[in-house]
1. Among the residues of segment 32-43, are any within 14 Å of ligand 1 (Cβ to nearest atom) and at pLDDT 95 or above?
2. Do the conditions hold for residue 50, that is, is it near ligand 1 (Cβ under 10 Å from one of its atoms) and either out of contact with any helix residue (DSSP H, G or I) (no Cβ under 6 Å at 6 or more places or on another chain) or modelled with pLDDT of 95 or more (or both)?
3. What number of residues in segment 21-47 are touching a helix residue (DSSP H, G or I) at 6+ places or on another chain (Cβ under 6 Å) and assigned to a helix (DSSP H, G or I)?
4. Could you tell me whether segment 62-77 includes any residue that is assigned to a loop (DSSP other than H, G, I, E, B), more than 9 Å from ligand 1 (Cβ to nearest atom) and over 29 Å from residue 3 (Cβ atoms)?
5. I'd like to verify a number: residues in segment 1-29 that are surrounded by 14 or more Cβ atoms within 10 Å (Cβ to Cβ) and within 16 Å of ligand 1 (Cβ to nearest atom), how many?
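The values are calculated or read from the model by the stated rules, or taken from the named source; none is laboratory data. Quick caveat, the model's predicted, so the values are computed rather than measured. In this analysis, Cβ positions are derived from the backbone assuming ideal geometry, glycine residues included, and neighbour counts consider all displayed protein chains.
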Ligand code: SF4
Ligand code: SF4
């Protein structure tokens, strides 16, 4: 039986698609905060100068399970990335609303 999406997974659906510059993984070197359910879904997060899910060829090894922070960067007017393509980034108000809902669902980020 297919499991229902969690409220946090449903928030992901409101984030527009982005396309990163080929070979770029600058975000994946920074520590990413996330909800405990996101950490669990991605199989843990033992950060050591980079995300443990960054593959040897600079790709996200858990793309479908990546947390909201990874999805939002480059996809919002508030979190612009000059190297990322996004046709219709989320506006400021939409981003703030999404983040409020996320913080409410996530509780304390880890
Ligand atoms: S969002 Fe921007 S900085 Fe991050 S990996 Fe993509 S292109 Fe690079
Ligand atoms: S989960 Fe993926 S996109 Fe996010 S930091 Fe790790 S490798 Fe990068």
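1. Yes, some residue in segment 32-43 is within 14 Å of ligand 1 (Cβ to nearest atom) and at pLDDT 95 or above.
2. Spelling it out, it is not the case that residue 50 is near ligand 1 (Cβ under 10 Å from one of its atoms) and either out of contact with any helix residue (DSSP H, G or I) (no Cβ under 6 Å at 6 or more places or on another chain) or modelled with pLDDT of 95 or more (or both).
3. Within segment 21-47, residues that are touching a helix residue (DSSP H, G or I) at 6+ places or on another chain (Cβ under 6 Å) and assigned to a helix (DSSP H, G or I) number 1.
4. There is at least one residue in segment 62-77 that is assigned to a loop (DSSP other than H, G, I, E, B), more than 9 Å from ligand 1 (Cβ to nearest atom) and over 29 Å from residue 3 (Cβ atoms).
5. Of the residues in that region, 8 qualify.
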